[in-house]
Amino acid sequence: MIRGLVQGVGFRPFICRMARKHGLVGRVDNRTDGVSVIIQGDLKTIDSFSNNILQNAPPVSVIKSLEINPTLVAGFDSFEITESKSSDNQITEISPDIAVCEDCLEDMITDPGRIDYPLINCTNCGPRFTIIEGLPYDRERTTMKSFSMCRKCNSEYNDARDRRFHAQPVACNTCGPVYRFRGSRADTDNIKDIPGLVSIEIASGMSVAIKGLGGYQLICDALNNNAVSELRRNKHRDLKPFAVMFRDIATVKKYCYLNKSEEKELISWRRPVVILKQKEVLSPAVSNGLDTTGAILPYMPFHYLLFRDLKTPAIVFTSGNISDEPIITDDSIAEEKLSKAATSMVSYNRQIYNRVDDSVIRFAGNRKRIFRRSRGFVPGPIELEYNVEGILALGGEQKNTLCLGKGHQAIMSQYIGDLKNYGTYRFFLESIGRMSDLFRFKTEVISCDLHPGYLSAQHAETLEQELNKPVVKVQHHHAHIASCMAEYGLDEPVIGISLDGTGYGTDENIWGGEFMVADLNGFDRVSHFDYVPMPGGEKAVTEPWRMAYSYIYSICGDYFDYESLPVFRSVGSARLSLVKEMIINKINSPLTSGAGRLFDAVAAILGLCQVATFDSEAPMRLESLAEYPTEEVYPFSAEKTIKFSETIMAILNDLPGQKLSFISTKLHNTISQVILEVSEKIRNDTALKKVVLSGGVFQNKYLLERSVRLLNRNKFKVFTNQLFPSNDGGISLGQLIITSKTRR
Ligand SMILES: [Zn+2]
Ligand SMILES: [Zn+2]
């Protein structure tokens, strides 16, 4: 019995080829819990056969265990693949979707039945999770079930020597799903014409919607500023940077700085978006002044066909949705909703069952950091030390993900998004159902955030009623710390530092600059950023000038010439006095210790961002400037709470004469210094040496790298999120493992 990621990755054909090579007879089949192999032959040959399995397994597969039970078998005269059996409750891993392989790209030129076939695939590549409706992984439980194989495909499917032997989505120009172009100029399903038609649209500055693996995408020429701005308007997306698909790695290198690890990740079979430092600006409207570009390479056969014809070497490559809605998967909805943003549409008639966005990665401290974990990663599990069976963790509110506990594995859903959007909330509900069905999961306990206003937490209460199962509520920042502990198998008290924007605290204030001593059972809040009012509540998150005012007002009161700062001049005295009234009279001004709010305030003071048009815009603009060569730090006070009054005053002092990049860098240095000093205090009191850094603020590359360096230099052992997001996308994993500890 072989367990791990062994289904949908060409494993059975591989076993079959190996067995025949060794002259062994028997059979192999997919079970719900793995791949079962029965081998008849002498022990020595079987031994070398199993060594060969471990050494030469297909590239995407992951063997977790290979269990051999010697028994007497007889009666086999050949080696065959037999029908899958849906047996017990255990499940095997489901392969994520795999970028088209080199061999298939070659076949698109040479294989007579597959010339330019835009959905070509084999056992080493192609769609997986996005088309799987159930287990075990066989064609009839995928969205390929409605296509019957032609004679050629069928014979390849049944030929153990063939690369398409038991490749479930196998298809060709004769029998497979087809692409279709619909636009004002033409309506055709002739694949020979489609890339050309698309490139005419792109060259004339239009946007095109194309159906991807896990949903629709919108593309336009990334070098045409009008086209990009127009797409932004039509997609109702203000200034958030767009991802860009480049023709090839050479083009990426022309526009971005790229190191070896980043290059390796870009060309990996997972093919994520990798955030790179810009070398040359594409259209300014792509990144809007930020110094990074989210780069991705072609990963579907169609993308390659397209770049053959495209004049431009780079296209904007963004989710096909309007505003914050989930990425569209359904053809008729795409037609209805995307027709405003795109003049034409490319689709194909194979259904997308599981929606996934492109994954997003950034390297920091020379390690891979996943910001958005979706295509290429999902639904890969994480192995845990403890039993988490039956735990359903519902995650946070923004960047929501779910997490299911199966035995000693946590299985995180794809990126779901911001639940305040109704479409996304429905996707959340649908995902609970689909993930549970797919993994034969039975809820025993529900885990959610402490925030009474989170829709995920409210749904936990609904489930509590419906299923009559208990709910465990987990504090937001404790969950962040635990998500990182899960990655490293830590199960002991640590110094936990969680910096983010917003999370509900046990004192009902809004936390986000938290220093705790935590283990998986609980936490002690040792210190935190000092509270400041958030005038206007949620409004203060989208309007950083409010936080700038709040910080300065809490220090200077009326003894400051607010109009001396351009940001307050443009806000106007009427709104300033309104906000002042709110603070004084404590009207809709909850208290926050959020680190994100401090970054907001400074960004607004520096005039970088008065009103944010996307999540974390102000901190991102500030980070973009953090490259001045200075080791200086601003003064601050770290007692029971950490106060930034002196910091803000010093920044206001620096502002008239100093470069913004100097101020920004110095502020970043200051936060790293706070992290170091508070960690040292906690170490003095507790003798703890392990520091866990988590929370969305640690997506800030400069801050993360500097903090880790400082802590390491001072003999701390530092742990940071890598394979699961440090942002709220990781919350569900933290909830899950904390719940596994507290449920008994
Ligand atoms: Zn292939
Ligand atoms: Zn065929």
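Residues in segment 1-45, backbone N under 15 Å from the label point at Asp77 (7 Å along the Cα-to-beta-carbon vector): list them, ranges by number please.
25-26
Can you work out the Karplus-derived ³J(HN,Hα) for every residue in segment 112-119? Use 6.51 cos²θ - 1.76 cosθ + 1.60 with θ = phi - 60°, whole Hz, and x for glycine or proline.
Each residue's phi maps through the Karplus curve to give x, x, 10, 4, 6, 6, x, 10 Hz.
My understanding is that a pair violates if its Cα-Cα distance is over 30 Å; which of Lys21/Lys152; Lys643/Lys689; Lys473/Lys689; Lys279/Lys689 do that in this structure?
On the way: Lys21/Lys152 24 Å; Lys643/Lys689 24 Å; Lys473/Lys689 28 Å; Lys279/Lys689 39 Å.
Result: Lys279/Lys689 exceed 30 Å.
Distance cut-off 19 Å, Cα to Cα: go down the list Lys368/Lys701; Lys64/Lys690; Lys260/Lys311; Lys260/Lys666 and report the pairs above it. Could you put the intermediate results ahead of the total?
Working: Lys368/Lys701 11 Å; Lys64/Lys690 29 Å; Lys260/Lys311 28 Å; Lys260/Lys666 30 Å.
Cα-Cα > 19 Å for Lys64/Lys690; Lys260/Lys311; Lys260/Lys666; rest within.
Could you list which residues have their amide H under 5 Å from that of Gln217, counting only those 5 or more apart in sequence or on another chain, with H placed in the peptide plane?
Counting only residues 5 or more places away or on other chains, the set is Ile210, Lys211, Gly212, Gly320.
Step through the residues of segment 216-233 one at a time and calculate ³J(HN,Hα) from phi using the Karplus curve (6.51 cos²θ - 1.76 cosθ + 1.60, θ = phi - 60°), rounding each to whole Hz and writing x for Gly and Pro.
Values per residue, Gly and Pro as x: 7, 10, 10, 10, 7, 5, 6, 9, 10, 4, 5, 4, 5, 5, 5, 4, 4, 4 Hz.
Helix-only estimate, please: 222 nm mean residue ellipticity of the chain, summing -39500 (n - 2.57) across DSSP H runs of length 4 or more and dividing by its residues, to the nearest 500.
On the way: 24 runs with 256 residues, N = 744.
Roughly -10500 deg cm²/dmol at 222 nm, from the helical runs in the chain.
Please list log₁₀ I(q)/I(0) at q = 0.09, 0.20 Å⁻¹ for segment 585-744, using the Debye equation with identical point scatterers on the alpha-carbon positions.
Each listed q corresponds, in turn, to -0.34, -1.44.
Determine, for each peptide in 189-198, 369-378, the mean count of other beta carbons within 10 angstrom over its residues, then list the peptides with the highest first. Kindly include the intermediate steps, with their values, before the conclusion.
Details: 189-198: 17.6, 369-378: 24.2.
In descending order of packing, they fall as 369-378, 189-198.
Starting from 0.36 nm per residue, how many nanometres of slack lie between Glu581 and Ile333 once their C-alpha separation is accounted for?
On the way: separation 248, 0.36 × 248 = 89.28 nm, distance 4.65 nm.
Working it through step by step, the gained length comes to 84.6 nm.
Under 12 Å from the Cβ of Gly196, count the other residues' Cβ atoms, weight Lys and Arg +1, Asp and Glu -1, and hand me the total.
Values: positive: Arg185, Lys192, Arg308, Lys311; negative: Asp116, Asp193, Glu201, Asp309.
Local charge sum for Gly196: 0.
Compute the distance from the alpha-carbon center of segment 534-582 to that of segment 233-280, in whole Å.
Segment 534-582 and segment 233-280 have Cα centres separated by 37 Å.
If a paramagnetic tag sat 7 Å from the Cα of Lys741 along the Cα-Cβ line, which residues of segment 691-714 would have the backbone N under 18 Å from that point?
691-695
Given a cut-off of 27 Å, what percent of all Cα-Cα pairs of segment 444-567 lie beyond it?
On the way: 2671 of 7626 pairs.
Across segment 444-567, Cα pairs with separations above 27 Å total 35 percent.
For Lys145 and Arg440, what does the FRET efficiency come to when R0 = 22 Å and r is the distance between their Cβ atoms, rounded to the nearest 0.05? Write out the running numbers ahead of the final one.
Numbers: r = 20 Å, r/R0 = 0.91.
Calculated value: 0.65.
Quick one: accessible surface of Tyr488, probe radius 1.4 Å, all protein chains present, in square angstrom to the nearest 10.
Accessible area, nearest 10 Å²: 70 Å².
Once Lys and Arg get +1 and Asp and Glu get -1 on their Cβ, which of His528, Trp545, Tyr504 lies farthest toward the positive end of the dipole of segment 503-568?
Value computed over the given set: Trp545.
Where Lys and Arg each count +1 and Asp and Glu each count -1, what net charge lies around Ser207 among other residues with Cβ under 13 Å from its Cβ? Please list the in-between numbers first.
Numbers: positive: Arg232, Arg233, Lys235, Arg237, Lys340; negative: Glu201, Asp221, Glu230.
That sum, taken over residues with Cβ under 13 Å, equals +2.
Can you pull out the GluC sites (Glu not before Pro) in segment 515-617 that DSSP calls coil and that have at most 14 other Cβ atoms within 10 Å? Don't jump to the answer; show the numbers that get you there.
Values: sites: Glu538, Glu563, Glu581, Glu617; in loops: Glu538.
Loop-located and lightly packed - Glu538.
How far is it, in nm, from the label point at Asn653 to the one at Ala186 when both lie 7 Å from their Cα along the line to the Cβ?
A separation of 6.8 nm, rounded to one decimal place.
With equal scatterers on the alpha carbons only and no solvent term, can you work out the Debye log10 of I(q)/I(0) for segment 1-145 at 0.12, 0.17, 0.18 1/Å?
Treating every Cα as an identical point scatterer, log10 I(q)/I(0) equals -0.53, -1.00, -1.08.
How big is D for the chain, in µm² s⁻¹ as a whole number, if Stokes-Einstein is applied with the Kirkwood radius of its Cα pairs at 4 °C and 1.567 mPa s? Provide the component values of the computation, followed by the final result.
Details: Rh = 27.4 Å.
Result for D is 47 µm²/s.
Using Cα pairs closer than 8 Å and at least 6 residues apart in sequence, work out the relative contact order for the chain, in percent.
Numbers: 1676 pairs, mean separation 84.1, N = 744.
Once normalised by length, the contact order is 11 percent.
Sort Thr592, Thr188, Thr343 by heavy-atom solvent-accessible area, probe 1.4 angstrom, most to least. The partial results should precede the final answer.
Working: Thr592 0, Thr188 25, Thr343 65 Å².
If we order Thr592, Thr188, Thr343 from most to least accessible, we get Thr343, Thr188, Thr592.
Order the following by accessible area, largest value first: Trp269, Trp511. Probe radius 1.4 Å; ligands, DNA and RNA are ignored.
Details: Trp269 60, Trp511 5 Å².
Ranked from most to least accessible, the order is Trp269, Trp511.
Enter the accessible area per residue of segment 231-312 (Å², integer; probe 1.4 Å; all protein chains in place).
Working: 3340 Å² over 82 residues.
I get 41 Å² per residue for segment 231-312.
Using a 1.4 Å probe on the protein chains only, how many percent of the accessible area of the chain belongs to carbon and sulfur?
Working: 14010 of 28430 Å².
Taking all protein chains in place, the chain shows 49 percent carbon and sulfur surface.
Say R0 is 41 Å: what FRET efficiency, to the nearest 0.05, do Glu102 and Lys681 get from their beta-carbon distance?
On the way: r = 55 Å, r/R0 = 1.33.
The value I calculate is 0.15.
If each residue of separation counts as 0.36 nm, what is the full-extension length gain between Asn52 and Tyr422 once their alpha-carbon separation is subtracted? Each step should come with its number before you reach the end.
On the way: separation 370, 0.36 × 370 = 133.20 nm, distance 5.09 nm.
My answer for the length gained is 128.1 nm.
At 0.36 nm per residue, minus the direct Cα-Cα distance, what do Asn521 and Val611 gain on full extension? Give it in nm, one decimal, please.
Going from the current span to full extension adds 28.5 nm.
Convert each backbone phi in segment 660-674 into a coupling constant with the Karplus relation 6.51 cos²θ - 1.76 cosθ + 1.60 (shift: θ = phi - 60°), then list the ³J(HN,Hα) values in order as whole Hz, x for Gly and Pro.
4, 5, 5, 4, 4, 4, 5, 5, 4, 4, 4, 5, 4, 5, 4
What is the set of long-range amide H partners of Phe371 at a cut-off below 5 Å, with H atoms built 1.01 Å from backbone N?
Val360, Ile361, Arg362
Counting only residues 5 or more places away or on other chains, whose amide H sits under 5 Å from the amide H of Asn400 once H atoms are built in the peptide plane?
Amide H to amide H, under 5 Å and 5 or more residues apart or across chains, Asn400 pairs with Ile416, Gly417, Asp418, Leu419.
What's the FRET efficiency of Asn225 with Thr630 using the Cβ-Cβ distance as r and R₀ = 25 Å, to the nearest 0.05? It would help to have the intermediate numbers written out before the result.
Numbers: r = 34 Å, r/R0 = 1.37.
E between Asn225 and Thr630, to the nearest 0.05, is 0.15.
The values are calculated or read from the model by the stated rules, or taken from the named source; none is laboratory data. These figures come from a predicted structure and were not determined experimentally. Note that we place each Cβ from the backbone using ideal geometry, even for glycine, and neighbour counts take in every protein chain shown. When the accessible area is computed, the model is the full protein with side chains, heavy atoms only, and any ligands, DNA or RNA have been set aside. Shrake-Rupley method; radii C 1.70, N 1.55, O 1.52, S 1.80 Å.
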